[in-house]
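This report concerns only the one structure given below.
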Amino acid sequence: MARSINESGSSWVFPDGPLEEIASRCDVITAASLVGSCKFYHDSATQSVALPASQPFGMPCVLHTHQTEVPPAHNPFYRVHKFKQEGAQKDKQHDAKDRKGTLCQLTPLDRISSDAVIPDGGTGMWAGANGDWIALLGFPWNWELVNVYTGRRIPLPPISEFKSTPDKLVFESNDQHLQLLKIAICRVPTAASNYTSFSVLAIFNAAIAVLHCASSRWTVLDNQFLAYGYSDAIIHKGIVFAVTQTGEVYAWNQLSWGPLLISTAPIPPELDEQGRYNLGSWWLARSPDGSRLFLVHTWGVTDGRDYTGLVRILPAAATSEGRHGRTIRGYGKGLLGCEVYSMDTSQLMPPRPWRRIISLGSYSLFLGVNYPIIIPVEDGAEHDRPNMARSNSVYTSHHAVGLAYPPSPEICRFSLNSEDCTVGFQTNIRWTWRQVPLWLIPSFANARQWNLPSRHRLCRGGGDGHLEALTGDNIDLIAAHLDVTYTVRLAACSRELYDMISKDEGKMHHWDEPCLLMPPPAYWFDEHWDVARASRLHDTVYDLVPLDHPRRSVALPFMHDRKWLGANGDWIAAADHHEWCLVNVYTERHIPLPSLPDSKIRHSIVSSRPAYSFNWRPEIYLLKIVICQVPTKGGRYADYKLIALFDKTIFYLEGGGDWRMLEALTPAPDYPNYCDAIELRGHVFAVDETDGSTYFWDTANENLMLPFVIPPPVVDDQQYAWFLAPSADGKRLMIILTVNKIGIANAEVPPDIPYAANGLQLRQYPPVATYVFELDPLSTARAGDFLWRQVNSLSDHSLFLGLNYPIIANLKKRESKAPDGTLVPFMRKNCVYTAYRNIRYNQYPKILRCNLQPDEGETVGVISLPKDGWDSVRQAAMWFKPALNIARSVLPLKKQ
C-alpha cells in the first residue's frame, strides 16, 4: 500500500500505510466497517499482508460482554451524525441518531482478546447470530435483526399467538409458559431483496415459530407429539427440522405436511446404559456442501442444575495451562464427549437412518446460540503446543439465552480424533455477563453487499481512493478508536483531514488542554501481567487523561523497555539501560544524548530509583531531565537545551556539545538538596528544597562560574514543596511553594469520589497554603537586590507542574470555581496543579489542585491514584498537552 509522504520525503505519518495503520488501531468491527466503506479501501485490505496480522479477520471468535461499557463521548455509535445529501429524504428506520454501541470482546481461539464495538438496542439481549447479523431482544416485543458493521436494523413483528410477560424471555400461550431459547437466523437479509426477505426461527422450549419476511406474520408450528422440550432447530432445504432435549427429530414442510417424527435419539449403547445422554445437549447443523443434515450430541458439560436420579458426570480437569490471557483446561477421556450423525433428507417418508460421522476432515463445527458455522480450519502449532483452533472438531458455547447457570466448561472443543482429549475455557470469570457468548467470524467479505445509502457510508465518493473522501462525521468515527498519536498522523495526511480533525465537532480529543500522561489502570492493580496486557494493543500504550473528559489512549512504541525522565511539548526524555535520548511523541524521531562525563560521575543502570555516584562524592539520585528548549527542524534538531537534575548536583547540555557540571561548592556534608530547575534567558536556575534558596548560573560563560544565590521569598518553619517556572511572557522567574504534606487530623483519609467523566478518583482535603512569587532575575542581579513579588492571581492561566517542563495554560473559557462548590469541573483557571516532582517520588501518589484565591473553607481537590501496586509502576504520571499543530509542519505543500 502507498505511504503518506510529507514534503521532505519522510514517511513518519503512517509507516505501514494509512489504511493498515488506522484499521489496526480501531476495534475489529469498526476496522471492518472502514474497509468496507469504499472500493479502494476494500481492494487495499484484500491485498494487505499486515492487516490480518493486526485484526482477527476470518477467525472464529467468541463474542462476549466486556466488563466496561463505552462512555457516550467515547462511543462511535452514540453521537448524532448530521448527514447531508441533496434530494434525499430522511429515512427514520435507518437514522443514525441516538445509536448507542456496546464495548464487547472478541476472543479468538489462538490470540489475545480484542475489543469490538457493536450496535446495541439499549437493554437488548443477544439471541442469535449469522454472518454479519445478530438478533436483539428488547421488551416488550422489541425484536430486531441488526447488522454489526453497518448498524442497519430490521424490526421483527410480534408473535400474535403469544402473550408477553414481565420476563422478556417468557411468554404465555393457552395457559402454557414458553421459554425462548434462541432465534435462529437461517437466511440473512441481503441488499438484493432490499433487506425484506429472510428466514428466522424463534425456538422456544415447547414451540417453534418461523418468519420469512418483516412485513408478514409468524407461523407457529404445531406438534401434538412433543413430549420433551426443544433443544435446537434449523431450516434445511426448505424444511424446518427441530431436535428435542432427548434427541427426537421432527420435520415440517410448511406447504404440505408436518410435524413428522423422523427419528429418535441415535444413542450408542454405552452412553444409554450410563445415562450420560441425559446431561447432554442436542444440536442441528448442515454438512459443508449443504446436502446433508447433521445431528450433534455433546455430553458431560454441566450447568449447575439438580440432576437427582441421574448419573452426573463431574468434569474434573486433568490439565490446565494459561494461554493468551485465559486458562485452557483439558479433560480426560470419558468425562466429556461428542458424537456427530449425518442423514440424507432427500427422503423422509420413510426417513433414511442416521450415519455416524467419524471425521469432519479439514472442517470444524461451531455451535451455540448462533446459527451453526462449519468452516475449514488449518491445524498449526504455537511454541510446540497444538493450537486451540483445530480441524475435525466440534466447538460449543451456550445452547440457549438466559441460562440460570453457565455451562462448565463454557467454551468446549470436542475432537473427533480419538487420541485427543476435550479442552475448554471460560470467557467470564465472575459470571456477571449481560449477554450470552456466541460465535462470530469478523469479516469484511460481505462489504460489497452491504450497499448502504451513501449518507450512511463511511466515505462518500472514494473513487480516487484518497483518505480525503472520508466525511467529517466518519473522521469522528475513526478518531473515536485511534489513540492520540495516530490521530495526529491522520491529520498530517492532508490539509482536508487536518481541517476536519481540528474542528473536532464530536469533541473526541481536547487539543491544547493539559492532560495526565500515565500508565493504564491495569498496571496499577494486582492483575497478572499477561491478563493486563491482553486487553491492550501492546505494552507501550498509555492513558492520556483530560481532567474533565473521557481518557484517551496514546501509543508510544519507543517507550518499550524505557523510562521517561521528563517532557516538554512534543518531546519526551527517556532512558534505558544503555543511553539517554530525546524522542518526538508523534514522529518518533530519536536523538541520542551524550553520556555524562566519566571523570565526574560513575553510571549505573536506570531502575525505579536511578542511582549514580561521584568519583569523589557520595551517591546521588537522578530526579528528572528538564527539556528547557526542544529541538526544532530549523535548528537541524541540534538546538535543544537540557538540564540533568540530580539531588546534589546539576548538569547542563546544549545540542552538539557535552554535559557540563554546574558547581555550587557547598562544603560537605551540606550539599545542596535540589528539587527543581529550569533555564531562562540564558541562565540556569535551581531551587534548594531545604530552605528555598535559588541558585543560578550564566550558561554563556564556558567556565560556568560560581552561582548567584537568591534568598527564598518565605522564611519560616513550614516544610514546602518548591517549583520553578517561567512567567507567561517568558521574562520573569516564578517560584511556587505549597505545603509538602497534606492530610486530616488523626490521620483520617477522606473517601474516594469516583469521577465518571474520566474514571479518576477524587478526594477533598483541607486548604493548603500555596504561594506564587516572581522576580526579574537579571535586572535584580545587576542591582544586587533580590526582591520577590507575590503573585496573587494568574488571571486566566493555570500552572501545571511536575516531572514535565512547566505548562502555563490559558483557560480563559474555564471558571475559577465550581458554582455549587463541588470538586468538578476539575480543570479551572487561576489554579496551581502539581503532579509527581521527579521519577523517584515514591510518596503516596496525590495530584493536587490549589486555587490561588480560594473562598473561605474551600477544600483542595486531589486526584488519588491507587496506592497498592505503586512500587511496580515504572512511570510517574506527568502533565502532557496534546497538540495538533505538529501535523501542519509536515503537510504537503499542495492539497492532495
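The values are calculated or read from the model by the stated rules, or taken from the named source; none is laboratory data. Because the structure is a prediction, the values reported are computed rather than measured. Glycine also receives a Cβ, built like all others from the backbone with ideal geometry; neighbour counts cover every protein chain displayed. We work out accessible area using only protein heavy atoms, side chains counted, and drop any ligands, DNA or RNA first. Shrake-Rupley method; radii C 1.70, N 1.55, O 1.52, S 1.80 Å.
Structure values in brief
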{"read-out": "First in segment 223-235 and open to solvent by 30 Å² or more (accessible area, probe 1.4 Å), second anywhere and β-branched (Val, Ile, Thr) and assigned to a strand (DSSP E or B), Cβ under 6 Å, 6 or more apart", "value": "Tyr228/Thr244"}
{"read-out": "Leading residue by the ranking (modelled with the lowest pLDDT) among those in segment 345-360 that are under 15 Å from Ser291 (Cα atoms) and charged (D, E, K, R)", "value": "Arg352"}
{"read-out": "Enumeration of residues in segment 141-159 that are at pLDDT 90 or above and part of a loop (DSSP other than H, G, I, E, B)", "value": "Pro157, Pro158, Ile159"}
{"read-out": "Filtered residues of segment 134-154 (kept if touching a residue at least 60 places away in the same chain (Cβ under 8 Å) and open to solvent by 30 Å² or more (accessible area, probe 1.4 Å))", "value": "Arg153"}
{"read-out": "Single residue of Arg828, Arg763 found to be within 28 Å of the chain's Cα centre (by Cα) and surrounded by 17 or more Cβ atoms within 10 Å (Cβ to Cβ)", "value": "Arg763"}
{"read-out": "Out of Ser199, Ser193, sole residue that is touching a Cys at 6+ places or on another chain (Cβ under 6 Å) and under 30 Å from Val35 (Cα atoms)", "value": "Ser199"}
{"read-out": "Some residue of segment 120-133 being within 18 Å of Ala23 (Cβ to Cβ) and either at pLDDT 50 or above or loosely packed, with under 15 Cβ neighbours inside 10 Å (or both)", "value": "yes"}
{"read-out": "Residue within segment 449-469 that is at pLDDT 60 or above and either of a type in the set (D, E, K, R) or in contact with a Pro (Cβ under 6 Å, 6 or more places away or on another chain) (or both) present", "value": "no"}
{"read-out": "Qualifying residue in segment 512-521 (condition: more than 18 Å from Trp564 (Cβ to Cβ) and at pLDDT 70 or above)", "value": "yes"}
{"read-out": "Top-ranked residue of segment 262-282 - restricted to ones that are in a loop (DSSP other than H, G, I, E, B) and among the hydrophobic types (A, V, I, L, M, F, W, C), ranked as modelled with the lowest pLDDT", "value": "Ile267"}
{"read-out": "Leading residue by the ranking (modelled with the lowest pLDDT) among those in segment 163-188 that are crowded, with 20+ Cβ neighbours inside 10 Å and either in contact with a helix residue (DSSP H, G or I) (Cβ under 7 Å, 6 or more places away or on another chain) or of a type in the set (Lys, Arg) (or both)", "value": "Lys168"}
{"read-out": "Checking Ser160 against (1) of a type in the set (S, T, N, Q); (2) open to solvent by less than 40 Å² (accessible area, probe 1.4 Å); (3) within 20 Å of Thr196 (Cβ to Cβ), the condition it does not meet", "value": "(2)"}
{"read-out": "Filter pass, Ala285 being open to solvent by less than 10 Å² (accessible area, probe 1.4 Å), closer than 21 Å to Glu161 by Cα and either modelled with pLDDT of 90 or more or outside any strand (DSSP E or B) (or both)", "value": "no"}
{"read-out": "Check on His81, touching an Asp or Glu at 6+ places or on another chain (Cβ under 6 Å) and either open to solvent by 30 Å² or more (accessible area, probe 1.4 Å) or modelled with pLDDT under 70 (or both)", "value": "yes"}
{"read-out": "Residue in segment 336-344 that is loosely packed, with under 13 Cβ neighbours inside 10 Å and either at pLDDT 90 or above or closer than 24 Å to Pro266 by Cα (or both) present", "value": "no"}
{"read-out": "Strands (runs of 3 or more DSSP E) wholly inside segment 622-684 containing at least 2 residues that are touching a Gly at 6+ places or on another chain (Cβ under 9 Å) and either open to solvent by 30 Å² or more (accessible area, probe 1.4 Å) or of a type outside the set (Gly, Ala, Ser) (or both)", "value": "641-646"}
